[in-house]
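Let me begin by presenting the structure, written as structure tokens, before commenting on it.
No value in this document is a laboratory result; all are computed from the given coordinates. These figures come from a predicted structure and were not determined experimentally. With ideal geometry, Cβ positions are generated from the backbone for all residues, glycine too; neighbour counts draw on all protein chains shown.
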Amino acid sequence: EEETKAKSRRESMQRYKIMDKLGEGAFSKVYKGLNIETGEHVAVKVIMKSQLDEKQRASVLKEVTLMRQLDHPNIVKFLDFIENDQCFYIVQELVDGGELFNQIVKYTYFSEDLARHVIIQVAEALLYLHESVGIVHRDLKPENIFFNPILLKPSRNRILRLSDDPNTKLDEGEFRMNYGGGGIGLVKIGDFGLSKQIFADNSLKTPCGTIGYTAPEIVKDMKYSKEVDMWALGCILYILLCGFPPFFNDSIDELTQKVAKGEYEFLSPWWDEISDGAKHCASKLLTVNPRERYSITQFMNDPWILEFLHRSESYR
Ligand code: ADP
Ligand code: MG
């Protein structure tokens with residue numbers, strides 16, 4: 001009887017009220033939801049089983065197993081998994097601001113400080129994935145990075161509070177210094193559909209990801225590993241700073257060629273005002289040879305990144 005109870009609980013979506021649609025992926029629709037028991041808002045990823053073959057179903061279960069293990073402030077938190085005859089439901093922490101991608105579209109590009117505020121948080125998540133857990137994300141891109149907006153709460157003394165952390169207080173000058181006024185608070189990476197657990201010297205070799213953010217060693221069909229996330233980090237940093245990706249072309253073949261050779265430019269006039277420190281950091285990530293490319297620890301010790309970290313720390 002206990003078992004039947006456990007089973008029906010597992011299969012029951014009754015605890016959740018499904019609300020607005022938040023987004024859509026290749027095999028899924030994601031809705032805002034309400035946990036009726038706790039009053040907490042959540043994100044529910046609904047995957048129709050009928051659209052999936054055996055292998056794809058297995059990869060959903062893999063995504064769940066993977067997400068269950070992860071616990072980091074810059075990674076979307078897994079909350080619950082429900083399965084019935086028609087669907088899988090992956091219940092996750094709701095990240096209210098939606099995709100980072102939309103924010104880039106809205107602002108065209110970010111100030112160097114806002115770009116650093118964002119990229120450091122993505123890097124913190126990668127540091128955790130690469131060094132503590134030992135997995136490669138493989139599908140890092142602005143569409144898979146979500147953010148919580150900063151809600152500026154009016155208060156006496158013109159002290160601003162960040163919605164994510166009620167204990168953080170900054171005055172307006174400090175706030176602009178740290179956050180560049182872009183309305184982005186906590187940044188979280190999600191969508192582990194393509195991530196894979198890797199073990200010591202057992203590198204991955206399946207072509208996947210999205211051309212445009214895909215590392216040279218993948219397009220050249222070589223073995224690859226954590227370094228592919230660092231390449232993607234470079235693509236994201238590049239986009240944050242200027243508003244367009246380093247590699248784009250209408251022809252897939254030409255694009256592939258460019259990525260393989262690492263042929264990109266700091267195009268004028270868009271990059272004219274951007275500091276040499278920022279360019280140097282981006283170029284160390286967009287380095288074709290994975291052995292020469294910044295690792296996550298090297299990135300964290302880049303002078304342009306350190307300068308920002310030290311400056312932010314003095315406010316805490
Ligand atoms: P897929 O693997 O199908 O690409 P994603 O996990 O990327 O699915 O989700 C699809 C979209 O749904 C995202 O791009 C985003 O707009 C929205 N979304 C997903 N998870 C969340 C979340 N936790 N909070 C808010 N929006 C989300
Ligand atoms: Mg996605």
Computed from the beta carbon distance with a Förster radius of 30 Å, FRET efficiency for K29 and T108 to the nearest 0.05 stands at 0.55
Over segment 17-74, one equal point on each Cα, no solvent: what is log10 I(q)/I(0) by the Debye formula at q = 0.13, 0.22, 0.23 Å⁻¹?
-0.43, -1.04, -1.07
With R₀ set to 22 angstrom, the calculated FRET efficiency between the beta-carbons of E37 and H72, to the nearest 0.05, is 0.30
Residue-span extension gain [K220 to E292] - 0.36 nm each, minus C-alpha spacing
24.2 nm
Magnitude of the Cβ-charge dipole (Lys and Arg +1, Asp and Glu -1) of segment 1-84 about the Cα centre, nearest 20 debye, reported as 200
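Å³ per residue of the Cα convex hull, for segment 210-316? Please list the in-between numbers first.
Working: hull volume 11.8 nm³, N = 107.
Hull volume over Cα atoms, normalised by residue count, gives 111 Å³.
With +1 assigned to the C-beta of every Lys and Arg and -1 to the C-beta of every Asp and Glu, and no other charges, what is the dipole magnitude of segment 54-119 about the Cα centre in debye, to the nearest 20?
Numbers: 7 positive and 11 negative charges, 38 e Å.
With Lys and Arg at +1 and Asp and Glu at -1, about 180 debye.
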Write out the GluC sites (Glu not before Pro) in segment 284-315 meeting two conditions: DSSP loop, and at most 12 other Cβ atoms within 10 Å of their Cβ.
E292
Would you calculate the separation in nanometres between label points at F248 and H280, each defined as 7 Å from the Cα along the Cα-to-beta-carbon direction?
2.9
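So for each of 80-87, 63-70 I average, over its residues, the number of other beta carbons within 10 Å; can you give me the resulting order with the highest mean first? Spell out each step's value before the answer.
Numbers: 80-87: 14.6, 63-70: 16.1.
Order by mean packing, descending: 63-70, 80-87.
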Give, in nm to one decimal, the length gained when the segment between Q14 and K62 is fully stretched (0.36 nm per residue of separation minus the Cα-Cα distance).
14.8 nm
Could you calculate the FRET efficiency of L267 with R311 from 1/(1 + (r/R0)^6), where r is the beta carbon distance between them and R0 is 25 Å, rounded to 0.05?
0.35
Which peptide among 91-97, 231-237, 298-304, 271-277 comes first, and what is the full order, when sorted by highest mean count of other Cβ atoms within 10 Å?
231-237, 91-97, 298-304, 271-277
Putting +1 on Lys and Arg Cβ atoms and -1 on Asp and Glu Cβ atoms, find which of L34, T4, M19 reaches farthest to the positive end of the dipole of segment 1-79.
M19
